[in-house]
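First up is the structure itself, then whatever we jot down about it.
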Amino acid sequence: MTEKSLFTPYTLGKAKLTNRIVMAPLTRNRADADFVPTDLAVEYYAQRASAGLIITEATQISQQGQGYQDTPGIYTPAQIAGWRKVTDAVHAKGGHIFLQLWHVGRVSHVDLQLNGAAPVAPSAIRAETRTFLNNGFVEVSEPRALELSEIPGIIEDFRKAAANAIAAGFDGVEVHGANGYLLDQFAKDGANTRTDAYGGSIENRARVMIEVSAAVAKEIGANRTGIRISPVSPANGVAGTNAQAQFNYIVSELDKLGLVYLHVVEGATGGPRDAAPFDFAELRSRFVNTYIANNGYTADLAEQKLADGSADLFAFGRPFIANPDLVERFKKGAPLANINPETIYGGGAAGYTDYPPLS
Ligand code: 8OZ
């Protein structure tokens, strides 16, 4: 039997990854005034290209889908051109990169919406959470419920954004179905009290996430379409009952689409892994393709979970902020640098591109 380790190559769809370490999506709020990634973003991602796979920061598919200051988009020609520089730089260093497609739903603020409109959501229920605006945190705005007739337009925005991502040179996309944003809001009954085909039953609440995934996979190929979910995370004030049955169903349906990977935030996003009882192995058993595990992993825990077959790839978030050469540090057992919490969201090079590799 050949021994697997985090440092062995892995084939993900068409991409030959050099190792099993994934850079998780990380919001950094440094896009320009047109929500285009800047040359600093090119440098930041290129510095981290030794990850087997980079998943970009969450990137809005439309202005309506934006919920925070200075996050990048993928819906204008200038945004596509900006991202093209990022993908070229990562590929030049032998890396691979997927774009995370994002619609925040109710986690937004009127100041970020066209003509000061209310953010949209499955139901008109305000999220108990804050967003980042004018360089500080503020309460999110009261949303309005999407009309049934508007849902095809949202699916279409995801489809177009996926096509744009491929035009920008990405190896694939990750549908953001996690962390209390639009698709997770539909899935969880604390945010969705609709009485039409998109609310009520487990099947109805799963419908948008599955229709979006199907539209994206049809556009760019299932072998370039991944998804991220967070079944029990209370992130952004979202809550749902019967998470196991809900997400067992969702994952079985996603498997039928042949998506290239399932990326799971195990536990509370950025918090405890055992936030709520949940059988993640059950999700994995329902999904044939690649399982990416995330949340609070150390290199040791990842090696252990790789050896026992619990996951194929492991996504590390915060450690990649201060350790551009995280793969090399893990390989050497070298100490990890700590993040400066003041420079995570917004700003320039400080706390973004100035964390040095091991000398
Ligand atoms: C932290 C700050 C803002 C957004 C997520 C996109 O949780 C995010 C996010 C994280 O998925």
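Determine which member of the set 238, 265, 216, 212 is over 30 Å from residue 139 (Cβ atoms), at pLDDT 95 or above and not small (Gly, Ala, Ser).
216
Cβ-Cβ below 8 Å, separation at least six or inter-chain, first residue in the stretch 263-287 and polar (S, T, N, Q), second not in a helix (DSSP H, G or I): which pairs?
Going by the 8 Å Cβ cut-off, the qualifying pairs are 269/178; 269/179; 269/230; 269/233; 269/295.
Which count do you get for residues in the stretch 30-47 that are within 16 Å of the ligand (Cβ to nearest atom) and more than 18 Å from residue 324 (Cα to Cα)?
3
Residues that are of a type in the set (A, V, I, L, M, F, W, C), in contact with a Leu (Cβ under 8 Å, 6 or more places away or on another chain) and either within 16 Å of the ligand (Cβ to nearest atom) or open to solvent by 30 Å² or more (accessible area, probe 1.4 Å) (or both): does the stretch 187-199 have at least one?
Among the residues of the stretch 187-199, at least one is of a type in the set (A, V, I, L, M, F, W, C), in contact with a Leu (Cβ under 8 Å, 6 or more places away or on another chain) and either within 16 Å of the ligand (Cβ to nearest atom) or open to solvent by 30 Å² or more (accessible area, probe 1.4 Å) (or both), which makes the answer yes.
Kindly provide the set of residues from the stretch 103-116 that are surrounded by fewer than 17 Cβ atoms within 10 Å (Cβ to Cβ) and in contact (Cβ under 8 Å) with a residue 24 or more places away in the chain, ordered by number.
Those that are surrounded by fewer than 17 Cβ atoms within 10 Å (Cβ to Cβ) and in contact (Cβ under 8 Å) with a residue 24 or more places away in the chain: 110, 114.
Is there a residue in the stretch 140-159 that is open to solvent by 40 Å² or more (accessible area, probe 1.4 Å), over 15 Å from residue 60 (Cα atoms) and modelled with pLDDT under 95?
No: the stretch 140-159 contains no residue that is open to solvent by 40 Å² or more (accessible area, probe 1.4 Å), over 15 Å from residue 60 (Cα atoms) and modelled with pLDDT under 95.
Please count how many residues of the stretch 241-255 are of a type in the set (A, V, I, L, M, F, W, C) and either within 18 Å of residue 292 (Cα to Cα) or modelled with pLDDT under 95 (or both).
Total meeting the criteria: 4.
Scanning for something in contact (Cβ under 8 Å) with a residue 24 or more places away in the chain, more than 13 Å from the ligand (Cβ to nearest atom), surrounded by 19 or more Cβ atoms within 10 Å (Cβ to Cβ) and hydroxyl-bearing (Ser, Thr, Tyr), does the stretch 171-183 turn up at least one residue?
No - not one qualifying residue is present in the stretch 171-183.
Note down all Cβ pairs under 8 Å where the first residue falls in the stretch 1-25 and is farther than 28 Å from residue 344 by Cα and in contact (Cβ under 8 Å) with a residue 24 or more places away in the chain, the second is among the aromatic types (Phe, Trp, Tyr) and surrounded by fewer than 12 Cβ atoms within 10 Å (Cβ to Cβ), and they're at least six residues apart or on different chains.
If the second residue must be among the aromatic types (Phe, Trp, Tyr) and surrounded by fewer than 12 Cβ atoms within 10 Å (Cβ to Cβ), no pairs are left.
Can residue 210 be described as at negative phi, in a loop (DSSP other than H, G, I, E, B) and open to solvent by 20 Å² or more (accessible area, probe 1.4 Å)?
No: the conditions fail for residue 210.
Is the stretch 217-237 home to any residue that is under 16 Å from the mean Cα position of the chain (by Cα) and away from the ligand (no atom under 16 Å from the Cβ)?
yes
The values are calculated or read from the model by the stated rules, or taken from the named source; none is laboratory data. For clarity, every value in this text was computed on a predicted model and none was experimentally measured. Note that we place each Cβ from the backbone using ideal geometry, even for glycine, and neighbour counts take in every protein chain shown. Just the protein is used for accessible areas: all its heavy atoms, side chains included, with ligands, DNA and RNA removed. Shrake-Rupley method; radii C 1.70, N 1.55, O 1.52, S 1.80 Å.
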